[in-house]
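The structure appears below as structure tokens.
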Amino acid sequence: MAPASKADRKAALDVAAWTFNIVTSVGIIMVNKALMATHRFTFATTLTGLHFATTTLLTIIFRWLGYIQPSHLPLSNLIKFVLFANLSIVGMNISLMWNSVGFYQIAKLSMIPVSCLLEVVFDKIHYSRATKLSIVVVLAGVAICTVTDVSVNARGLIAATIAVWSTALQQYYVHFLQKKYSLGSFNLLGHTAPVQAASLLILGPFVDYWLTNKRVDKFDYSVTAVFFIVLSCTIAVGTNLSQFICIGRFTAVSFQVLGHMKTILVLTLGFFLFGREGLNLHVISGMILAVLGMIWYGNASSKPGGKERRTYSLPVDKSQKHGLLSETGDRDDEV
């Protein structure tokens, strides 16, 4: 009875984590779309810096209240993480500016195979045939309903490549750092958010001016625009936290695959809130295919052998066997 209740509790927490991430992610996209499209606040990099500044403030309050315990993260790992994360943010913005919407979507879809490659190389993960096919179905479904015109240029390709690899590395690093240093989601945010906030708030205005030819300090900060900025920052705390929770509980690949549910929801809400132009049988069929692929992936990857770590062992004498097993078990616990 105990194992069953433990499994049910884990499943409930998994669903709660995904729901939290989907609600906050879709919510912030809708708010940012209104902020940028309606109120013309197009300073995405600076806005992200404000998001992390708000997240930093919350982690400081939680640490002061005793909800976050002291933890350690080596400076070298912190710098690498922030480098990947900031390159991901800036790279995505530049990729969207320099590429067609179709190629931008293709680049985002390519994060899944890149994340798979990282897991195979660094974690020795093996995917079953059914798991691989389910990922292909998800990619095909999302591509059908999001990819339109596709045009490629040299600088756009470079920007997209940097964005894809830095995003995949950042998400892989979230899982890696939490496991290696036994860091909770808020603990890791407490280490990374202040550095990201400082770096993005310093560099953000210059990057945004380069991308939009507009200065953030010259923007007309109306009461409504400020309200949406504050709302965006508030929701971003949940988005940042839920991302770390999901990747910590699962992996970067699972986060990417099931995360495309957010793409489907954003499209659906966008059609209802901002006009139904573009909603047709072609798009609907892609959405249905993507959702079916996500369901298949969840089922296939959870089965024995669907997605597992490969272990390699050498033949040993019986007298040494017990010692080797103990040593291997210790190593697995460290990973």
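Across the options Tyr172, Thr192, Val216, the greatest Cα extent toward the positive end of the charge dipole of the range 125-221 (unit charges at beta carbon of Lys, Arg, Asp, Glu) belongs to Tyr172.
Solvent exposure of the chain amounts to 54 Å² per residue of accessible area, where only protein heavy atoms count and the probe is 1.4 Å.
Classify the range 27-117 as rounded, prolate or oblate, taking a ≥ b ≥ c as the square roots of the eigenvalues of its Cα gyration tensor: rounded when a/c is under 1.5, otherwise prolate if a/b is larger than b/c and oblate if not.
Numbers: a/c = 2.50, a/b = 1.38, b/c = 1.81.
Judged from the Cα gyration tensor, the range 27-117 comes out oblate (a/c at least 1.5, b/c at or above a/b).
Which residues among the range 146-177 fall inside the zone where the amide N is under 19 Å from a point 7 Å beyond the Cα of Val266, along Cα→Cβ? The answer is 146-151, 159-172. Segment Leu281..Lys80, full-extension length gain: 67.9 nm, with 0.36 nm per residue of separation and the alpha-carbon distance subtracted.
Kindly state, to the nearest 0.05, the FRET efficiency for Asp123 paired with Ser199, given R0 = 35 Å and r defined as their beta-carbon distance. Computed FRET efficiency for Asp123 and Ser199 comes out at 0.75. The angle between the Cα long axis of helix 75-98 and the longest principal axis of the Cα atoms of the chain comes to about 40 degrees, rounded to the nearest 10. Using R₀ = 51 Å, calculate the FRET efficiency as 1/(1 + (r/R₀)^6) where r is the Cβ-Cβ separation of Leu57 and Ala130; round to 0.05. Once the sixth-power term is evaluated, E becomes 0.70. In percent, rounded to a whole number, the relative contact order of the range 16-162 is 31, using alpha-carbon pairs under 8 Å and six or more apart. Of all the accessible heavy-atom surface of the range 71-134, with the other protein chains kept in place and a 1.4 Å probe, what percent is carbon and sulfur? Its accessible area is 73 percent carbon and sulfur atoms.
Calculated [222 nm] ellipticity per residue, helices only, for the chain: -27500 deg cm²/dmol; basis is -39500 (n - 2.57) per DSSP H run with n ≥ 4, divided by all residues, nearest 500. Note on Lys179 and Arg215: the extension gain reaches 8.9 nm, defined as 0.36 nm multiplied by sequence separation minus the Cα-Cα distance.
Output the 0 to 90 degree angle, nearest 10, between the alpha-carbon long axis of helix 111-123 and the longest principal axis computed from the alpha carbons of the chain. Here the helix axis deviates by roughly 30 degrees. Assign one of three labels to the range 168-299, namely rounded, prolate or oblate, based on the Cα gyration tensor with a ≥ b ≥ c the square roots of its eigenvalues; rounded applies when a/c is under 1.5, prolate when it is not and a/b is larger than b/c, and oblate otherwise. Oblate is the answer for the range 168-299, as a/c is 1.5 or above yet b/c matches or exceeds a/b.
Tell me the label only: which of [x] 20.5; [y] 19.8; [z] 21.6 is Kirkwood radius over Cα pairs in Å as calculated from this structure? Checked against the structure: label [z].
Taking Cα pairs under 8 Å and at least six residues apart, what relative contact order does the chain come out at, in percent?
Relative CO of the chain lands at 35 percent.
Taking the Cα centre of the range 192-303 as origin and assigning +1 to Lys and Arg Cβ atoms and -1 to Asp and Glu Cβ atoms, the resulting dipole is close to 240 debye.
The values are calculated or read from the model by the stated rules, or taken from the named source; none is laboratory data. None of the values given here were measured: they were computed from a predicted structure. Don't worry about glycine lacking a Cβ; one is built from the backbone with ideal geometry, like all the others, and counts go over all protein chains shown. Only protein heavy atoms, including side chains, enter the accessible area calculation; ligands, DNA and RNA are left aside. Shrake-Rupley method; radii C 1.70, N 1.55, O 1.52, S 1.80 Å.
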